[in-house]
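Trainee: Would you mind keeping the following structure in view while I ask a few things?
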Amino acid sequence: MLFLEIQRGKVEMPKWSERHRELGATTSCTLRATTSLANCGQKEQLHCRNPILGDSWFSSVRIVEAIHESGHEWIGVVKTSHSLYPKKDLENVLKTWPGGMNLAVEAPTTKGVQLIAVGYKYNSSKVLCFVATKNAGSTVPDDPYRAWFLDDHDNLTSRPVDRPELISTYFQQSIGIDKHNQARQFEL
C-alpha cells in the first residue's frame, strides 16, 4: 500500500481533512490519495500527467474535474454518482443496440474540463458507463474483450467484442483494485 487514510466518520473528517468542505467526502478523499501517489518517487523535472483509474465509488464528474485540475488524467466507471453525467441518455440510446457497440460524447464541464462520456454495450443487455478526461485515452477500438458463451450445440465458444482504447486501458489495469479488495476482505 502506498497510501492509507484512516476515516474518522462524518463528524471528525470535515475538521481535519483537506478540501472536505469544498469538495465533499468522496472527491476530497480521492484527490488526497491521487496527489499523494502521483509521480511518487520521481524527480520533480520528470513529473507528468498520470492516468488515474477509479472504480464506481470514486467516479463522478466532480472527481474528474478535481483530478484534472490537480494535473492528472482520469478514467472511471460511473454507476451511482451520475449527477452531471448523461448516464440515462447513454443507456436509453444503447438499449436496442447489439453487443460490442459504444457511444462516446465529448463536452466541457462548467469549469471548462473536457470530458468524454462513453456508454459501452459489451453484451446484448448490459451497458457500462465510463467518464474520462479528454487526454486519458482514445475512443478508437483497441484490445477487444473476449466474450464467452455456449453455442447452439452447448459448446463453449468465444468471440472478440470491440471496445474503445480507454476502456481497454481501464480493464487491463483496474484488476489491481480487485486484488487489493480480495486481500483486504479474505486473505487478511
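Trainee: Return yes when residue 51 is in contact (Cβ under 8 Å) with a residue 40 or more places away in the chain, out of contact with any Lys or Arg (no Cβ under 8 Å at 6 or more places or on another chain), under 29 Å from residue 143 (Cβ atoms) and not aliphatic (A, V, I, L, M) and no when it is not.
Mentor: Details: in contact (Cβ under 8 Å) with a residue 40 or more places away in the chain: yes; out of contact with any Lys or Arg (no Cβ under 8 Å at 6 or more places or on another chain): yes; under 29 Å from residue 143 (Cβ atoms): yes; not aliphatic (A, V, I, L, M): yes.
Yes, satisfied.
Trainee: Let me ask something else. How many residues are more than 13 Å from the chain's Cα centre (by Cα) and either more than 14 Å from residue 113 (Cβ to Cβ) or among the charged types (D, E, K, R) (or both) if we restrict to region 66-91?
Mentor: Of the residues in region 66-91, 8 are more than 13 Å from the chain's Cα centre (by Cα) and either more than 14 Å from residue 113 (Cβ to Cβ) or among the charged types (D, E, K, R) (or both).
Trainee: If residue 111 passes every condition in (1) in a helix (DSSP H, G or I); (2) touching a residue at least 24 places away in the same chain (Cβ under 8 Å) but one, which one does it miss?
Mentor: Going through (1) in a helix (DSSP H, G or I); (2) touching a residue at least 24 places away in the same chain (Cβ under 8 Å) one by one, residue 111 breaks only (1).
Trainee: With respect to residue 159, determine if the residue is basic (Lys, Arg) and either part of a helix (DSSP H, G or I) or modelled with pLDDT under 80 (or both).
Mentor: Numbers: basic (Lys, Arg): yes; either part of a helix (DSSP H, G or I) or modelled with pLDDT under 80 (or both): no.
No; evaluated as a whole, the condition is false for this residue.
Trainee: Across region 1-37, what is the total count of residues that are under 24 Å from the mean Cα position of the chain (by Cα), outside any loop (DSSP other than H, G, I, E, B) and among the hydrophobic types (A, V, I, L, M, F, W, C)?
Mentor: The number of residues fulfilling the criteria is 6.
Trainee: Still on this structure, I have one more. Given the criteria in contact with a helix residue (DSSP H, G or I) (Cβ under 6 Å, 6 or more places away or on another chain) and in contact (Cβ under 8 Å) with a residue 24 or more places away in the chain, does residue 116 qualify?
Mentor: On the way: in contact with a helix residue (DSSP H, G or I) (Cβ under 6 Å, 6 or more places away or on another chain): no; in contact (Cβ under 8 Å) with a residue 24 or more places away in the chain: yes.
Against the criterion (in contact with a helix residue (DSSP H, G or I) (Cβ under 6 Å, 6 or more places away or on another chain) and in contact (Cβ under 8 Å) with a residue 24 or more places away in the chain), residue 116 does not qualify.
Trainee: Being without any contact (Cβ under 8 Å) to a residue 40 or more places away in the chain and surrounded by 15 or more Cβ atoms within 10 Å (Cβ to Cβ) is the filter here, so list the residues in region 146-165 that pass it.
Mentor: Of everything in region 146-165, just one residue is without any contact (Cβ under 8 Å) to a residue 40 or more places away in the chain and surrounded by 15 or more Cβ atoms within 10 Å (Cβ to Cβ), namely 165.
Trainee: Tell me, which residue of region 9-45 that is over 21 Å from residue 81 (Cβ atoms) and at pLDDT 80 or above is surrounded by the most Cβ atoms within 10 Å (Cβ to Cβ)?
Mentor: Checked region 9-45; the qualifying residue surrounded by the most Cβ atoms within 10 Å (Cβ to Cβ) is 12.
Trainee: Related question: Being farther than 19 Å from residue 126 by Cα and of a type in the set (Ser, Thr, Tyr) is the filter here, so list the residues in region 60-87 that pass it.
Mentor: 60, 70, 83 - these are the residues of region 60-87 that are farther than 19 Å from residue 126 by Cα and of a type in the set (Ser, Thr, Tyr).
The values are calculated or read from the model by the stated rules, or taken from the named source; none is laboratory data. Not measured: the values here are computed from a predicted model. Cβ sites come from the backbone with ideal geometry, for glycine too, and all protein chains shown count toward neighbours.
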